[in-house]
Amino acid sequence: MTSLASLGFDEFFAAQLRRLDPAWVPARIASEGRNTFRLLGCRAEIGELTGRLRRSLAPEERPVCGDWVAVADGEERAVIHHVLDRRTALVRRAPGREDARPQVLAANVDVFFVVTSANQDLNERRLERYLAAVWNSGASPVIVLNKVDLVKDPAPLLGAIERVALGVPVLQASAKSGVGLEALRGYLAPGRTVAFVGSSGVGKSSLANRLLGREVQQVGELRADERGRHTTTARQLMELPHGGLLIDTPGLRELGLIDDAGGLDVSFPDVAAFAEQCRFRDCRHAGEPGCAVVEAVERGELAPERLASYRKLVEELEAAERRRDPAEAAKARQRWKVIHKGLRARAKIDPKLKR
Ligand code: GDP
Ligand code: ZN
């Protein structure tokens, strides 16, 4: 059996586990069903929530792919007693819904490959949105310009990406020719969890298959358990052949932002730098007197689209917050803040994640 460390279990989770019933062991959620979860790291392959957890967990607290849980292990089935705090969580508003309930897409991902395609027009605004969401998750983004085999010269595209992706590593790749895959693999390591995000059709599955070293990707079919119930899921956590873990998340086309814990400022260091000079500390850069950001735009030092895009994301966050319980929103903000700090501290010591 794979070691817990190679599945990503470390002191952050071990410390939490020590505070719980010593009879419980850790397991990682490989995929979610309605009532059952596929587990890695413990003896049983399938886990079920205790009745208490089923009743008490808020939707966003239910285990998702990548989560660590404490289980009472068994021969065939384990009972999930506790969901350990997440180090990172990619959260979005449930798509197409007005109530802005947070939906956790993946937990404990360390690096998100944000994939764009060289044969499509670059959508800078969408890229910014993905970057902000990834920073807010607590993970680190790496931008992958895929399908470079389809263009003569990717340099102009890379240049355009670098203008919005300040400080974020940018790789060029081709899932078809294999170009750039070594650079991508450089971000993998035993115990490290990666995932791909990006619009549909950019080549996320193709890149994932390359990392997995296989042609056909098994997408979310849990084996029927012995009671004959089928559980299907669209996401799963897989071990990579040369170490590391991959969470496969299908196209996140409607990535709404729900909480900001500084992810915006990390994604917009240009705006943030000018904002420090604004007269008011809580300046929204929307016509307040003494606004250094608007002045920078007027002087031509900051592209107006950057400010517009920043404002749009701020408004989206504020709207999401207004629709929610203020106490909850504050709590969530605090949580992401803690996560974010931890990750940034880690990014400093890990040269691969250095920005
Ligand atoms: P996803 O929706 O992001 O998972 O994208 P897929 O991996 O399904 O790829 C979408 C299409 O793009 C498929 O037809 C792939 O064969 C093709 N594709 C993926 N990567 C590359 C690449 O690097 N070069 C070329 N030419 N085609 C690619
Ligand atoms: Zn301002």
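The values are calculated or read from the model by the stated rules, or taken from the named source; none is laboratory data. Because the structure is predicted, anything quoted here is derived from the model rather than measured. Heads up, the Cβs are rebuilt from the backbone with ideal geometry, glycines too, and the neighbour counts pull from every protein chain shown. Side chains are part of the model used for accessible areas, which takes the heavy atoms of the whole protein and leaves out ligands, DNA and RNA. Shrake-Rupley method; radii C 1.70, N 1.55, O 1.52, S 1.80 Å.
Out of Gly191, Gly201, one residue alone is away from ligand 2 (no atom under 16 Å from the Cβ), at pLDDT 95 or above and more than 17 Å from Pro141 (Cβ to Cβ). It is Gly191. Restricting the first member to region 78-97 and to residues that are open to solvent by less than 20 Å² (accessible area, probe 1.4 Å) and at pLDDT 90 or above, and the second to residues that are assigned to a strand (DSSP E or B) and among the aromatic types (Phe, Trp, Tyr), the beta-carbon pairs closer than 7 Å and six or more apart or on different chains are Ile80/Phe37; Leu84/Trp68. Look at Ala106 and say whether it is in contact with a Ser or Thr (Cβ under 7 Å, 6 or more places away or on another chain), of a type outside the set (Ser, Thr, Tyr) and within 23 Å of Leu246 (Cα to Cα). Yes, satisfied.
Among residues of region 163-183 that are outside any helix (DSSP H, G or I), those with a Cβ under 9 angstrom from a residue that is open to solvent by 10 Å² or more (accessible area, probe 1.4 Å) and within 16 Å of ligand 2 (Cβ to nearest atom), sequence gap 6+ or separate chain, pair up as Leu166/Pro269; Leu166/Asp270; Gly167/Pro269. Just one of the numbered conditions (1) among the hydrophobic types (A, V, I, L, M, F, W, C); (2) in a loop (DSSP other than H, G, I, E, B); (3) within 30 Å of Leu57 (Cβ to Cβ); (4) at pLDDT below 90 is not true of Val109: (4).
Looking only at region 144-162, residues that are assigned to a helix (DSSP H, G or I) and either buried (at least 17 other Cβ atoms within 10 Å of the Cβ) or within 10 Å of ligand 1 (Cβ to nearest atom) (or both) come to 6 in all. When region 278-312 is filtered for residues that are in a loop (DSSP other than H, G, I, E, B), within 15 Å of Phe268 (Cα to Cα) and modelled with pLDDT of 85 or more, the ones remaining, listed by number, are His285, Glu301, Leu302, Ala303.
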